[in-house]
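The values are calculated or read from the model by the stated rules, or taken from the named source; none is laboratory data. These numbers come from a predicted model, not from an experiment. Note that each Cβ is placed from the backbone with ideal geometry, even for glycine, and that neighbours are counted across all protein chains shown.
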């Protein structure tokens, strides 16, 4: 089975909603790295050298390739990435190989078969 890695940088207040939406779209798990920092076109404002921007979370989803585009679009809709500037960004990359997924393979296989 082929996999994609979806990476999403989101406001920490949106993390739980995005995780829930991704699971409903077929993601079987996620790794969350907290307290990330991001910067868009315009640098965030500071006060006496302190960042005023809220904390970001980096969400990592390893998903079955046939489900990846739907999950990516669901994440974007849940986080309103296109509607609210600075709300987040998500992208996917190909995974050449992965190990440690034996406990999820039956579920992943079933979800892919249901899509076909």
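Below is a table of values for the structure above.
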read-out: Test: residue 75 is closer than 20 Å to residue 29 by Cβ and at pLDDT below 95; value: no
read-out: Tally of residues being over 22 Å from residue 65 (Cβ atoms), assigned to a helix (DSSP H, G or I) and touching a residue at least 60 places away in the same chain (Cβ under 8 Å) across the range 1-27; value: 2
read-out: In the range 85-108, residue modelled with the highest pLDDT [restricted to those that are out of contact with any strand residue (DSSP E or B) (no Cβ under 8 Å at 6 or more places or on another chain) and surrounded by 11 or more Cβ atoms within 10 Å (Cβ to Cβ)]; value: 86
read-out: Of residues in the range 74-84 being out of contact with any strand residue (DSSP E or B) (no Cβ under 6 Å at 6 or more places or on another chain) and touching a residue at least 24 places away in the same chain (Cβ under 8 Å), the one nearest to residue 3 (Cα to Cα); value: 74
read-out: Residue among 76, 64 that alone is more than 25 Å from residue 12 (Cα to Cα) and crowded, with 19+ Cβ neighbours inside 10 Å; value: 64
